[in-house]
Amino acid sequence: MLHNLSVGELAERLNSREVSSVELTRHFLARIDRFSPALNALITLTADRALADAAAADLRLGRGERGPLLGIPLIHKDIFCTDGVRTSCGSRMLDNFIAPYDATVVTRLKAAGTVMLGKANMDEFAMGSSNETSYYGPVKNPWNLNKVPGGSSGGSAAAAAARLAPLTTGTDTGGSIRQPAALTGTTGVKPTYGRVSRYGMIAFASSLDQAGVLARSVADAAPALQAMAGFDPRDSTSVDAPVPDYTAALARPLKGLKIGLLREFFVGLEARNAALIHDALKVYQELGATTKEVSLPHLPASVPTYYVVAPAECSSNLSRFDGVRYGYRCENPHDLMDLYKRSRGEGFGAEVKRRIMTGTYVLSAGYFDAYYLKAQRVRRLIVDDFRAAFTQVDLLIGPTTPTPAFDIGAKIDDPVTMYLNDIYTIGANLAGLPGLSLPCGFVDGLPMGLQLIGPHFSEDRLLCAGHGYQLATDWHRRAPQGYE
Amino acid sequence: MADWEVVIGLEIHAQLATKSKIFSGSATAYGAPPNTQADLVDLAYPGVLPVLNGEAVRMAVKFGLAVGAKVAQRSVFARKNYFYPDLPKGYQISQYELPIVAHGTLKIVLDDGAVKTIGITRAHLEEDAGKSLHEGLANASGIDLNRAGTPLLEIVSEPDMRSAKEAVAYMKKIHTLVRYLEICDGNMQEGSFRCDANVSVRPKGREKLGTRAEIKNLNSFRFVEKAIQYEVARQIELIESGGSVVQETRLYDSDKHETRSMRSKEEANDYRYFPDPDLLPVELDQKFIDTVRGTLPELPDDKAARFAQGFALSHYDAGVLSASRELGAYFEATVADLGAEHAKLAANWVMGEVSSALNRDNLDIGAARVSPQQLSALLLRIVDATISGKIAKEVFEAMWSEQKSADAVIEAQGLKQITDSGAIEGVIDAVIAANPKQLAEYRSGKDKLFGFFIGQVQKATGGKANPAQLNELLKAKLSS
């Protein structure tokens, strides 16, 4: 069936005109029709536009144009602005917001010939680890509908796992690509901070946010990342450095690769999870890699550091949602203060408000030094830890999450427990490093993720290592029952 | 009653003359219909990001170098967070802990001619906010975001000024400087140049500063002077009647000439400054700074010193003529044709006739209706005694209104000076003959009547008798 083919196989069939982009698009639209209501993976379906884009791609193909993504359908996380299409960011605040422009990520993937099927559900303003904070309701995990798919890119992950699209985009501020990828048995890439433009990606925490891809394999993700990556003059934090050929990099040998086992990630890790990581290490050893244990002593401070830095930035980033120019505005405000208070009070959900309040608090006079500045200092120490580790090894390896997918509702009322879900992913965000999550086995019938973290701009190395693992294993080929 | 000392510091906001905004590509031109110069970045749409305008940085560096300040090789943009409808992002991007310019100085000349050095604490880049509009809207307020994101250089002085006059002198000097540097058009009506004044008083001799009030948004030199004078009097009266000054922000009412409380320190916002993660620190290398240094024009103080020395002008004249680059250039072009030995004559004419004609017609020096070349041609006719200074003023008026050369006017109106001694003597004889009484009085010692005879002769010649010759000949005749 078409939905089980890889992106490379699909491109081949499109290029040979064996299948048209319109046919492919119809196929995935039909799957969305069939599965999305139960999964709640999409906020907005753009079927008409998708078919028009597919027809345009077919014309290009007919003219002899070729490309690894030309005519390939995808789903964008609803955090990316899409011209003329509602861009809600999972919030009531933007339920009525039709973006007047395309995010750079959207522009680039469009230029590569992709066909947007719709906009994926997500935690409100990307704040959450379970997709339960969405104004549009929780997303269900295709592996078990009672379980969360992870978050905040939960809709993207569920859609990729359920084969509703060969590719989905996501964003990762504290693990929002890697954690849902792990929980849904998909492959998720979070690039180096600055590798992909943030222009048009609605900001949560500007110094941590980074766009990436969710797919069923590294080989599928590589061309999408290729299209997204690169300098954008509209994002001052994007980096003007050459982008390697990611697909070509996949074929490099892994022999001699030095892999560091992150000691801190195994403290208190459940034995069954640890066993999966050790199995993966054996795979790597068989492929010719060497492994050694490395320690990042400040890594355990990641979560508290993150929960100062991210809310601080979010409290400021979300100030623009004031009911004045766009988005939700309360009924009949009686004065300016009332307009602000009720528009924001009614437009934002509980988790967003919690983070705005936390962030406002840590930036306030009298608390700034004790929280914000201290967190920045700890962040620097974590960066230094990683730098030191990468003088000894090429890549770091560990679990993506402490547990497999948990029940919907199990943690939503306990923010601290929820926050600890990101304990293994946050470090890479604080240090701006690229990270990759790969399916590496099952615990209690639910997929688990293996995480690789590399030095800045080592996406090619990460993808190569991930691809090597996927050539040697078939965890990434497993489909949730009913979605095969 | 105690003797009070006034302490004033100014925060001047100079709008930088960039074509586009500091963080977006929108135009900065003044007076466009509301919200036509606001793009998605200025409107703070979800997902947009600021990109720093390099031209604004270059201009700030130029200013820093001109005031002998330290230009920071690394400066940082921060967010100043507060809610207001004219501030679309809910924060203003400004520089807080690490400004681009620090520790400069500026010299001002006091009334008694003494020179005083005013410290410039810092100058930093920031974006302006939009404007709220209330006129013509029933039950609503409008927001115009054309000005949102316009680049500003906020120039903060040390509390070094001791009177309203000093504050005005400092502000005028900065005004001159930013226009010299061509980094600000200095248009105060349009708000391109405005200031906040921090004012306090303390008993003379006391080290500790008094509690200050900040008077916001003063957009004319006169308002600065009036507002400070009012505020100083208010504070002294308050203290002397047993009260105390509270730290607060005050507004100046230019109709009533008084300041009013706007908000007190207790109500002040906690701005929650933190480095803007959307912008990288501004890193400037020495080479860039040196390149900018190479583009600095001759600065006002240097020009004034050169005028005073090179043309033997008074410090006052040199100061007036160097008050703007254009005026200085006009003066220099005039002198170039006329010769440096006549610089004082040129100075008097530029500061006198030319300036008053410009004022009368409300023109800038660039639009003067008599060019420096035309003026020097006129002055040359004074020098070569073709016409007198008095006649020259008439010629100048004709040149200004009729756009003719000096020689053409002199020719057409027959204003050429009489330099023929015989002719002048003939008139003198006739005048003496007609005024025997005055002659007798003069000869008996009433020297003042000399002027009377001069007047009579010039009346008879239509003012055309060469004054020097007339003087000499008349003296001889009267005493013979």
Is it true that A:Pro100 is in contact with a Pro (Cβ under 9 Å, 6 or more places away or on another chain) and either within 14 Å of chain B (Cβ to nearest Cβ) or surrounded by 24 or more Cβ atoms within 10 Å (Cβ to Cβ) (or both)?
-> no
Residue in segment B:25-62 that is farthest from B:Ile120 (Cα to Cα), counting only those that are in contact with a Gly (Cβ under 8 Å, 6 or more places away or on another chain) and among the hydrophobic types (A, V, I, L, M, F, W, C) = B:Val48
Selected residue (only one of B:Ile410, B:Ile428 is outside any loop (DSSP other than H, G, I, E, B), more than 39 Å from the chain's Cα centre (by Cα) and within 20 Å of B:Gln469 (Cβ to Cβ)) | B:Ile428
Identify all residues within segment A:293-343 that are of a type in the set (S, T, N, Q), away from chain B (no Cβ under 14 Å) and assigned to a loop (DSSP other than H, G, I, E, B); write none if there are none.
-> A:Ser295
B:Asp3 fails exactly one of (1) under 22 Å from B:Ala60 (Cβ atoms); (2) surrounded by fewer than 14 Cβ atoms within 10 Å (Cβ to Cβ), namely (1)
Filter segment A:5-27 down to the residues that are in a helix (DSSP H, G or I) and either of a type in the set (S, T, N, Q) or touching a Phe, Trp or Tyr at 6+ places or on another chain (Cβ under 6 Å) (or both), then identify the one that is surrounded by the fewest Cβ atoms within 10 Å (Cβ to Cβ).
-> A:Asn15
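Here is a check on your reading of the model: is B:Ser132 on the phi < 0 side of the Ramachandran plot, within 14 Å of chain A (Cβ to nearest Cβ) and in contact with a Ser or Thr (Cβ under 6 Å, 6 or more places away or on another chain)?
yes
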From the option list B:Arg272, B:Arg194, single residue qualifying as within 14 Å of chain A (Cβ to nearest Cβ), out of contact with any Pro (no Cβ under 8 Å at 6 or more places or on another chain) and crowded, with 18+ Cβ neighbours inside 10 Å is B:Arg272
Unmet criterion (only one of (1) in a helix (DSSP H, G or I); (2) crowded, with 19+ Cβ neighbours inside 10 Å) for A:Ile43 | (1)
Qualifying residue in segment B:234-256 (condition: in contact (Cβ under 8 Å) with a residue 40 or more places away in the chain, in contact with a strand residue (DSSP E or B) (Cβ under 7 Å, 6 or more places away or on another chain) and within 14 Å of chain A (Cβ to nearest Cβ)) = no
Give the residues of segment A:275-300 that are among the aliphatic types (A, V, I, L, M) and at pLDDT below 95, sorted by residue number.
-> A:Leu299
Can you tell me which residues in segment A:182-220 are within 14 Å of chain B (Cβ to nearest Cβ) and either assigned to a strand (DSSP E or B) or charged (D, E, K, R) (or both)?
-> A:Val196, A:Arg198, A:Met201, A:Asp209, A:Ala211
Members of segment B:42-58 found to be in a helix (DSSP H, G or I) and either within 11 Å of chain A (Cβ to nearest Cβ) or not charged (D, E, K, R) (or both), listed by number = B:Gly54, B:Ala56, B:Val57
Restricting segment B:157-181 to residues that are assigned to a helix (DSSP H, G or I) and among the hydrophobic types (A, V, I, L, M, F, W, C), which is farthest from B:Val57 (Cα to Cα)?
-> B:Ala164
Of all residues in segment A:402-445, which are of a type in the set (Val, Ile, Thr), modelled with pLDDT of 95 or more, under 24 Å from A:Arg354 (Cα atoms) and not in a loop (DSSP other than H, G, I, E, B)?
-> A:Ile426
So which of A:Gly155, A:Gly170 is crowded, with 24+ Cβ neighbours inside 10 Å, part of a helix (DSSP H, G or I) and more than 14 Å from every other protein chain (Cβ to nearest Cβ)?
-> A:Gly155
What pairs can you find where one residue is in segment A:360-380 and at the interface with another protein chain (Cβ under 9 Å from one of its Cβ atoms), the other is in a loop (DSSP other than H, G, I, E, B) and surrounded by fewer than 16 Cβ atoms within 10 Å (Cβ to Cβ), and their Cβ atoms are less than 8 Å apart, with a gap of 6+ or different chains?
-> A:Ser364/B:Asp270; A:Ala365/B:Asp270
Selection count where residues are within 14 Å of chain B (Cβ to nearest Cβ) and of a type outside the set (Gly, Ala, Ser), scope segment A:227-244 | 8
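The rows are residues; the columns are (1) out of contact with any strand residue (DSSP E or B) (no Cβ under 7 Å at 6 or more places or on another chain); (2) buried (at least 21 other Cβ atoms within 10 Å of the Cβ).
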| residue | (1), (2) |
| --- | --- |
| B:Phe77 | no, yes |
| B:Asn81 | no, yes |
| B:Leu87 | yes, yes |
| B:Gly90 | no, yes |
| B:Gln95 | no, yes |
| B:Leu98 | no, no |
| B:Leu106 | no, yes |
| B:Val115 | no, no |
| B:Leu125 | no, yes |
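Conditions (1) surrounded by 15 or more Cβ atoms within 10 Å (Cβ to Cβ); (2) free of Cβ contacts under 8 Å to residues at least 40 places away in the same chain; (3) out of contact with any helix residue (DSSP H, G or I) (no Cβ under 6 Å at 6 or more places or on another chain); (4) more than 18 Å from B:Asp337 (Cβ to Cβ), marked per residue:
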| residue | (1), (2), (3), (4) |
| --- | --- |
| B:Ser376 | yes, no, no, no |
| B:Arg381 | yes, yes, no, no |
| B:Ser388 | yes, no, no, yes |
| B:Ile391 | yes, no, yes, yes |
| B:Glu394 | yes, yes, yes, yes |
| B:Ala398 | yes, yes, no, yes |
| B:Gln403 | no, yes, yes, yes |
| B:Val409 | yes, yes, no, no |
| B:Gln413 | no, yes, yes, yes |
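The values are calculated or read from the model by the stated rules, or taken from the named source; none is laboratory data. Predicted, not measured: the structure shown is a model, and the values here were computed from it. Cβ sites come from the backbone with ideal geometry, for glycine too, and all protein chains shown count toward neighbours.
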